[in-house]
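The values are calculated or read from the model by the stated rules, or taken from the named source; none is laboratory data. These numbers come from a predicted model, not from an experiment. Please note: Cβ atoms are built from the backbone with ideal geometry, for glycine as well, and neighbour counts cover all protein chains shown.
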Amino acid sequence: MALGLPALAACGGSGDKSAGGSSKTVTLVSHDSFVASDSVLKEFTKQTGYKVNVVKGGDAGRAVNQAILSKNHPQGDVFFGVDNTLLSRALDNGVFAPYEAKGLDRVPKDLQSDAAEHRVTPVDTGDICVNYDRAYFADHKLAPPQSLDDLAKPEYKNLLVTENAATSSPGLAFQLATAAKYGDNGWQDYWKKLKANGVEVVDGWEQAYNERFSGSAGGKKAKGDKPLVVSYASSPPAEVVGANPLPAEGPTGVATGTCFRQIEFAGLLKGAGNPEGGKALIDFLLSKTFQEDMPLQMYVKPVNQDAALPEVFTKYGAQITAPQTLAPEKIAKNRDQWVKEWSSLVLK
Amino acid sequence: MTPSDTTGARRPGPRRTATRLGLMAVPLAFFGVFFAYPVAAIVGRGLKDGGQWQFARVGEVLTDPRIGHVLWFTTWQAAASTALTLLLALPGAYVLARLDFPGKQLLRAVVTVPFVLPTVVVGSAFLALLGRGGLLDELWGVRLDTTVWAILLAHVFFNYAVVVRTVGGLWAQLDPRQEEAARVLGASRLAAWRRVTLPALAPAVAAAALMVFLFTFTSFGIVQILGGPRFATLEVEIYQQTAQFLNLPTAAVLTLLQFAAVAALLLVHARTVRRRESTLRLVDASRTARRPRGAAQWALLASVLAVVALLLILPLAVLVERSFDGPDGYGLAYYRSLASAGGTGGTFVVAPLEAIGNSLAYALAATALAVVIGGLAAAALTRREGRLVRGFDALLMLPLGTSAVTVGFGFLIALDEPPLDLRTSWILVPLAQALVGVPFVVRTVLPVLRAVDTRLREAAAVLGASPLRAWREVDLPLVGRALAVAAGFAFAISLGEFGATVFIARPDSPTLPVAVARLLGRPGELPYGQAMALSTILMLVCAVALLVLERVRTDRTGEF
């Protein structure tokens with residue numbers, strides 16, 4: 001039996017939607033950053049009998065667009081990884097079918113962006129924040145910046161590297177943080193000040209964090225020259241994961257007043273071949289088992305209040321109490337225009 | 001055979017036309033289903049957004065001054081990259097074709113390694129050389145990052161092998177006695193080369209230039225990483241409009257613009273090449289190479305080795321160095337962590353052995369597809385007559401000049417229903433890679449096929465050989481080497497993950513480049529080191545695979 005199941009699942013494949021729910025495979029469509037422990041996925045199979053087949057499609061933006069383009073013939077049963085910056089686009093295009101997940105009662109209300117219809121279920125949150133290189137600021141006897149205002153101050157001139165808002169999701173989130181903080185007509189002036197203060201823009205997170213940032217493992221090897229970078233609130237814990245012994249303090253820290261909150265959602269794909277399996281999978285994504293596995297796999301925070309954070313997060317991570325937020329509808333309405341404005345303002 | 005053939009009037013008889021159409025059928029079907037149909041679907045969806053034809057969009061996009069700027073940059077950087085690559089790689093092609101020296105096979109494999117590396121890794125290596133605190137900076141205080149030079153040099157890095165392999169493949173088979181005869185008749189070395197060798201090589205040089213141009217015209221990762229956000233090619237623009245903004249109408253117009261530019265280029269290429277191609281005397285490659293003689297040849301060999309060392313090997317060495325530079329000094333820490341399920345929470349982000357297996361399996365399938373389809377196409381194209389044939393030739397080249405994201409998203413919406421629901425099938429990966437591999441096979445094999453003296457075939461026919469037998473006995477032996485070179489290309493293309501599949505969601509069987517990219521997308525010490533270690537493994541896999549392929553080839557040509 002133990003041998004028979006995987007073999008059957010392999011025969012059925014992900015394309016086999018004709019079985020009408022009797023299929024024992026459930027297909028999860030996601031972005032490249034999706035990772036879950038094998039043991040956790042096996043636990044799901046043990047509980048429900050469904051085997052999870054994961055299909056990955058590029059970064060978050062690309063994966064959502066693919067789901068929209070293939071909505072008449074979805075590539076799977078559940079989509080995971082649409083965040084609040086892209087949520088409206090997915091909802092407006094009718095990609096998801098409503099399903100109220102079990103366990104939603106343990107999720108804070110303010111994260112349930114589609115509470116009326118339950119087309120999507122919040123699964124994790126992550127904050128995009130400026131990270132700083134502790135050693136640099138200690139050496140220069142300078143206090144690290146704490147707020148967006150600080151970043152425009154002369155003592156932090158030429159220290160910050162960020163990502164292209166047009167191509168990178170942390171880059172976009174940082175632009176949105178400034179729009180949330182300074183308003184629809186105020187963020188442009190802030191960016192003019194940042195530009196005058198020598199902000200450097202590179203194309204993607206990999207270049208910013210692994211090449212230019214002086215505090216990361218990659219950046220140290222690449223002789224990174226920027227002690228401030230737009231990254232995630234979870235990046236400092238990630239820098240110490242695997243270190244033996246664990247240091248007293250991580251090499252990097254978070255400027256807690258510069259954060260923008262991303263919420264990632266999952267939804268049942270309309271026209272799913274295995275809706276029952278899909279529903280079971282969404283329930284499972286909210287379960288304590290999955291939620292406690294996520295932080296060290298995807299460097300995001302659980303939404304289930306019962307899920308405990310691993311020690312590296314509580315010890316080396318920062319508590320972000322008042323992140324900037326924007327309603328998904330507002331993002332949807334302004335996003336393209338803002339990116340265009342931002343590009344001509346900052347990249348020229 | 002009709003009498004007209006033997007008299008040299010090349011009018012196709014009905015039987016020959018039928019044969020040719022038969023040869024074309026498979027490549028045509030392949031390109032129709034896996035290229036034309038998906039691209040038409042996505043462009044059509046864009047132009048007919050919301051059920052209405054969006055022709056107004058065409059004017060809007062085309063008159064946008066920014067787009068004009070992007071098109072201009074795309075074109076000139078591609079032209080400059082092509083010129084620079086030819087300048088630096090043609091001596092390399094000569095050295096590898098004509099000179100015999102120890103380690104030649106290894107060198108040939110090594111220059112192809114860059115071709116398979118993910119751009120994000122290469123970008124990192126180039127920054128270490130050209131960027132702040134890089135080698136140039138420390139030696140002379142020169143920084144080239146975020147200048148166009150970084151882009152151009154990285155393009156040379158990637159495409160060096162294209163020139164060396166395409167041109168070298170033919171060069172090695174040119175009979176050196178012709179040039180020698182010219183010199184005996186009093187021509188200077190240069191004049192003999194210019195009058196005899198250069199015209200013979202022209203089609204291969206043009207083919208290499210065309211491919212390098214198309215590759216750099218559609219350059220994406222390198223421009224983004226090394227150029228920074230200030231430089232954008234059409235490809236980058238199409239990617240953003242499609243994958244980020246889901247602005248299909250604009251993307252469709254830009255795709256058509258890209259098509260128009262590529263079509264114009266193919267036209268120019270066809271016109272220049274048609275006048276140049278001629279029948280050549282081809283010989284076994286193993287007989288043309290000899291030990292370097294005289295100061296000039298030694299100097300040439302030394303300078304080629306210096307260019308290869310500086311431009312190709314040094315960036316690779318940076319990656320290798322970083323893969324050993326572990327948390328506790330130099331060692332195998334990252335390699336060991338790849339081999340044990342460690343890292344984060346007891347699971348692999350990617351299983352390295354599995355990734356190597358996936359890469360090799362895909363590469364073998366893609367190579368087989370590209371060689372069969374490209375071989376058939378080249379056979380059909382051997383005789384250059386008729387507009388139909390020229391159109392077919394151009395069609396085969398188009399995928400090289402088409403945005404991969406366009407094709408990928410085209411797959412997504414076109415190949416989504418049975419019997420063609422291939423989106424989640426493994427075969428889609430080698431199919432998409434073969435789209436890029438076939439043009440290489442055609443362009444590598446065709447100059448050789450066209451150089452085969454028709455009289456040889458006719459002699460075979462007169463002696464009673466069937467057309468198939470004549471092809472097998474005459475063409476195949478001469479073309480065997482070119483086919484092997486082409487197979488090496490197709491293999492490298494697939495290992496390097498070129499192709500539209502990168503742009504569609506697919507079952508999670510990551511290849512080496514995908515695994516490297518995923519590791520680089522994670523913060524922390526270990527993933528970064530693992531990415532460097534996996535890149536080094538990718539280089540090794542590529543070099544070893546190509547060496548094996550070269551060996552197979554040598555054995556086989558030995559039989560002929």
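Quick notes on this structure:
- Counting only helices (runs of 4 or more DSSP H) that sit wholly inside the stretch B:148-209, those with at least 1 residues that are of a type in the set (Ser, Thr, Tyr) are B:148-171.
- Within the stretch A:46-82, the set of residues being farther than 15 Å from residue A:268 by Cα and among the charged types (D, E, K, R) comprises A:46, A:51, A:56, A:59, A:62.
- Candidates B:75, B:119, filtered to the one that is within 30 Å of residue B:518 (Cα to Cα), of a type in the set (Val, Ile, Thr) and under 24 Å from the mean Cα position of the chain (by Cα): B:119
- Scan of the stretch B:456-506 for residues that are more than 26 Å from the chain's Cα centre (by Cα), hydrophobic (A, V, I, L, M, F, W, C) and either assigned to a helix (DSSP H, G or I) or crowded, with 24+ Cβ neighbours inside 10 Å (or both), ordered by number: B:456, B:459, B:460, B:461, B:462, B:468, B:470, B:471, B:474
- The residue that is farthest from the other protein chains (Cβ to nearest Cβ), among those in the stretch B:100-145 that are aromatic (Phe, Trp, Tyr) and assigned to a helix (DSSP H, G or I), is B:115.
- Residue check for residue B:233: among the polar types (S, T, N, Q) and under 30 Å from residue A:170 (Cα atoms): yes
- Of the helices (runs of 4 or more DSSP H) that lie entirely inside the stretch A:239-343, those containing 1 or more residues that are away from every other protein chain (no Cβ under 13 Å), more than 17 Å from the chain's Cα centre (by Cα) and closer than 21 Å to residue A:109 by Cα span A:275-286, A:288-298, A:328-342.
- Some residue of the stretch B:507-530 being farther than 24 Å from residue B:107 by Cβ, of a type in the set (S, T, N, Q) and not in a helix (DSSP H, G or I): yes
- Answer residue from the stretch B:185-229, given it is within 24 Å of residue B:257 (Cβ to Cβ) and among the aromatic types (Phe, Trp, Tyr) and is nearest to the other protein chains (Cβ to nearest Cβ) among those: B:220
- Residue match in the stretch B:379-394 (condition: at pLDDT 80 or above, closer than 20 Å to residue B:218 by Cβ and crowded, with 20+ Cβ neighbours inside 10 Å): yes
- Enumeration of residues in the stretch A:208-238 that are more than 9 Å from chain B (Cβ to nearest Cβ) and hydroxyl-bearing (Ser, Thr, Tyr): A:214
- For the stretch B:475-515, filtered to residues that are in contact with a helix residue (DSSP H, G or I) (Cβ under 6 Å, 6 or more places away or on another chain) and of a type in the set (D, E, K, R), the residue that is farthest from the other protein chains (Cβ to nearest Cβ) is B:481.
- Lone unmet requirement of (1) in contact with a helix residue (DSSP H, G or I) (Cβ under 6 Å, 6 or more places away or on another chain); (2) within 14 Å of chain A (Cβ to nearest Cβ) for residue B:240: (1)
- Qualifying residue in the stretch B:439-447 (condition: assigned to a loop (DSSP other than H, G, I, E, B) and of a type outside the set (A, V, I, L, M)): no
- Only listed residue being in the same structural domain as residue A:94 (by TED's automatic domain parsing), crowded, with 21+ Cβ neighbours inside 10 Å and within 16 Å of residue A:290 (Cβ to Cβ), chosen from A:64, A:29, A:52: A:52
- Extreme residue, modelled with the lowest pLDDT, among residues of the stretch A:218-238 that are surrounded by fewer than 24 Cβ atoms within 10 Å (Cβ to Cβ) and part of a helix (DSSP H, G or I): A:221
- Filter result for the condition that a residue is in a helix (DSSP H, G or I) and in contact with a helix residue (DSSP H, G or I) (Cβ under 8 Å, 6 or more places away or on another chain), over B:336, B:322: B:322
- Count of the stretch B:130-151 residues, restricted to those that are among the hydrophobic types (A, V, I, L, M, F, W, C) and surrounded by 22 or more Cβ atoms within 10 Å (Cβ to Cβ), is 3.
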